[in-house]
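Working notes for the structure below.
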Amino acid sequence: MAAPGENMRINGDRLWDSLMEMAKIGPGIAGGNNRQTLTDADAEGRALFQKWCEAAGMTMGVDKIGNMFATRPGEDPDALPVYVGSHLDTQPTGGKYDGVLGVLGALEVVRSMNDLNIKTKHPIVVTNWTNEEGARFAPAMLASGVFAGMHELDWAYERTDPEGKKFGDELKRIGWVGDEEVGARKMHAYFEYHIEQGPILEAEEKSIGVVTHCQGLWWLEFTLTGKEAHTGSTPMNMRVNAGLAMARILEMVQGVAMDAQPGAVGGVGQMFFTPNSRNVLPGKVVFTVDIRSPDEKKLNGMRAAIEAAAPKICDELGVKCSIEAIGHFDPVTFDPTLVASVRKAAEDLGYSHMDLISGAGHDACWAAKVAPATMVMCPCVGGLSHNEAEEISKEWAAAGADVLMRAVVETAGIVE
Ligand SMILES: [Zn+2]
């Protein structure tokens, strides 16, 4: 006799073909995609997705922020749906899989359930969240954030892109303002399948990441004020060097993150020198420290340590220091029952797996505010993502979708 679920597999070829078909819309310049949110390419991708959903027997609902919800009915009319999805929008130089795999993987789950004639108690809703990337309209995960009550809808509509175009106007222009109130839907559970966007699964030779947490983060923006002065004629003892203070703070942040191991990271990715001239000591340096951890106490402890040490470093150099917290997410602990269902699905299917913490933000992190939620991850080559060269194998894509289907069907309650 076959082991339970051994015959329950998705169609890996069909999933791959759909990924390649979607990737033709909004092609990038180096083999990836530029299908940024609320562009004509986004509209075209949405239309194709809707066509596929309807061909699979689903009914599309759209809310006032353009989130798309394709429903496969359940057997119990009163049962809340199991939501499964991610995002179809990409970075300006994005890959073919970030987000797209989660939406089309969810669609493939429904297509395969149709093929296998699997009925469930709870409906299944395949979801495409608007503007996950935040590249064109900050912040990232904007529409799932409104859905989860983290932002106001009107505030989201007022976000502008670099050309000054408003989110609300662009959503209207591409024709995807729906009639549903954002966040009115109630979820039995939420699953999101995503590429890892990191190097761990590939390095550990595991097919499946069982995602237990999303990291929390603080962005601390530093403004250091020194004295602009000639790099050649200013004696060392007379310098008020904001650049040197920044360098010492970077070293200190590295130490704080290392002291918080395991399960913490910290660094600086952006810095601005004024006047940024080769032979002028900077009078002003602005940079952002990015610290993350899945452990709230650890995260806040790192912030406190940095905020205590930085002014002392600056004082010694006569540099003025101000620190502003400009970004924050609480760490998210995913639902233990759903996490266990993903782990068990991987085991039953014979796929190698390991627990993972998501290093990036995802719509699932906001969905977790309003429903039990979790994620499934598959490896990506070299951990590369937000890059047109982002790559995965067809086998990896299929393995994760197999696991997704088993966990989703178990959660939705199979009806014999
Ligand atoms: Zn993504």
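Name, by its number, the condition in (1) surrounded by fewer than 24 Cβ atoms within 10 Å (Cβ to Cβ); (2) within 16 Å of the ligand (Cβ to nearest atom); (3) closer than 22 Å to Trp219 by Cβ; (4) not aromatic (Phe, Trp, Tyr) that does not hold for Ser322.
In the conditions (1) surrounded by fewer than 24 Cβ atoms within 10 Å (Cβ to Cβ); (2) within 16 Å of the ligand (Cβ to nearest atom); (3) closer than 22 Å to Trp219 by Cβ; (4) not aromatic (Phe, Trp, Tyr), Ser322 misses (2) alone.
Taking segment 125-143 as the search range and keeping residues that are out of contact with any strand residue (DSSP E or B) (no Cβ under 9 Å at 6 or more places or on another chain) and under 19 Å from Val177 (Cβ atoms), which one is nearest to the ligand (Cβ to nearest atom)?
Asn131
Go through segment 116-135 and give me each residue that's of a type in the set (D, E, K, R) and surrounded by fewer than 24 Cβ atoms within 10 Å (Cβ to Cβ). Break it down stepwise before answering.
Here is the first cut: in segment 116-135, the residues of a type in the set (D, E, K, R) are 119, 121, 132-133.
Passing the criteria: Lys119, Lys121, Glu133.
Given the condition over 17 Å from the mean Cα position of the chain (by Cα), away from the ligand (no atom under 16 Å from the Cβ) and within 22 Å of Arg185 (Cβ to Cβ), answer yes or no: does some residue in segment 346-362 qualify? Don't jump to the end; show me each part of the working.
The first filter runs over segment 346-362 and keeps only residues over 17 Å from the mean Cα position of the chain (by Cα), leaving 346-355.
Right, trim to away from the ligand (no atom under 16 Å from the Cβ) and you get 346-355.
Filter again for within 22 Å of Arg185 (Cβ to Cβ), leaving none.
Looking through segment 346-362, none of the residues is over 17 Å from the mean Cα position of the chain (by Cα), away from the ligand (no atom under 16 Å from the Cβ) and within 22 Å of Arg185 (Cβ to Cβ).
Open to solvent by 40 Å² or more (accessible area, probe 1.4 Å), under 30 Å from Val415 (Cβ atoms) and either away from the ligand (no atom under 14 Å from the Cβ) or touching a residue at least 12 places away in the same chain (Cβ under 8 Å) (or both), is that true of Asp154? Write out each step before concluding.
Values: open to solvent by 40 Å² or more (accessible area, probe 1.4 Å): yes; under 30 Å from Val415 (Cβ atoms): no; either away from the ligand (no atom under 14 Å from the Cβ) or touching a residue at least 12 places away in the same chain (Cβ under 8 Å) (or both): yes.
Here the answer is no, as Asp154 does not meet what is asked.
List every residue pair whose Cβ atoms sit under 7 Å apart, with the two residues 6 or more apart in sequence or on different chains, where the first one lies in segment 121-143 and is free of Cβ contacts under 8 Å to residues at least 12 places away in the same chain and the second, anywhere, is surrounded by fewer than 24 Cβ atoms within 10 Å (Cβ to Cβ).
Gly134/Ala140
Taking Gly209 as meeting all but one of (1) assigned to a loop (DSSP other than H, G, I, E, B); (2) open to solvent by less than 30 Å² (accessible area, probe 1.4 Å); (3) of a type outside the set (A, V, I, L, M, F, W, C); (4) in contact with a strand residue (DSSP E or B) (Cβ under 7 Å, 6 or more places away or on another chain), write down the number of the exception.
(1)
Could you tell me which of the residues Ser112, Ser86 is under 25 Å from Pro379 (Cβ atoms) and within 16 Å of the ligand (Cβ to nearest atom)?
Among Ser112, Ser86, only Ser86 is under 25 Å from Pro379 (Cβ atoms) and within 16 Å of the ligand (Cβ to nearest atom).
I'd like the residue in segment 163-193 that is open to solvent by less than 30 Å² (accessible area, probe 1.4 Å) and in a strand (DSSP E or B) and, out of all such residues, is farthest from Tyr83 (Cα to Cα).
This residue is Tyr193.
Does segment 113-149 hold any residues that are polar (S, T, N, Q), under 12 Å from the mean Cα position of the chain (by Cα) and closer than 18 Å to Ala368 by Cβ, and which are they?
Hit for segment 113-149 is Ser144, nothing else.
Would you confirm, using the coordinates I've provided, whether Asn67 is away from the ligand (no atom under 13 Å from the Cβ), among the polar types (S, T, N, Q) and either within 19 Å of Gln50 (Cα to Cα) or open to solvent by less than 10 Å² (accessible area, probe 1.4 Å) (or both)? Outline the logic, then answer.
Details: away from the ligand (no atom under 13 Å from the Cβ): yes; among the polar types (S, T, N, Q): yes; either within 19 Å of Gln50 (Cα to Cα) or open to solvent by less than 10 Å² (accessible area, probe 1.4 Å) (or both): yes.
Yes: the conditions hold for Asn67.
Report every pair of residues separated by at least 6 positions or lying on different chains whose Cβ atoms are under 7 Å apart, first residue within segment 267-295 and open to solvent by 50 Å² or more (accessible area, probe 1.4 Å), second charged (D, E, K, R) and not in a strand (DSSP E or B).
Filtered contacts from segment 267-295: Pro275/Glu228.
Which members of segment 386-415 meet the condition of being over 20 Å from Ser18 (Cα atoms) and open to solvent by less than 30 Å² (accessible area, probe 1.4 Å)?
Ala407, Val408, Val409, Thr411, Ala412, Gly413, listed by residue number.
Can you tell me which residues in segment 240-265 are at negative phi and not in a helix (DSSP H, G or I)?
Step one: list which residues in segment 240-265 are at negative phi, which gives 240-262, 264-265.
Val240, Asn241, Ala260, Gln261, Pro262, Ala264, Val265 - these are the residues of segment 240-265 that are at negative phi and not in a helix (DSSP H, G or I).
Go through (1) of a type in the set (Lys, Arg); (2) open to solvent by 10 Å² or more (accessible area, probe 1.4 Å); (3) away from the ligand (no atom under 16 Å from the Cβ); (4) within 22 Å of Trp129 (Cα to Cα) for Arg46 and report which single condition fails.
(2)
Condition test on Gly232, is it within 16 Å of the ligand (Cβ to nearest atom) and small (Gly, Ala, Ser)? I'd like the intermediate steps shown before the answer.
Working: within 16 Å of the ligand (Cβ to nearest atom): no; small (Gly, Ala, Ser): yes.
Taking the combined requirement at face value, the residue does not satisfy it.
The values are calculated or read from the model by the stated rules, or taken from the named source; none is laboratory data. What you are looking at is a predicted structure, and each value in this text was computed from that prediction instead of being measured. Note: ideal-geometry Cβ built from the backbone for every residue, glycine included; neighbour counts use all protein chains shown. The accessibility values were calculated without ligands, DNA or RNA, using every heavy atom of the protein model including side chains. Shrake-Rupley method; radii C 1.70, N 1.55, O 1.52, S 1.80 Å.
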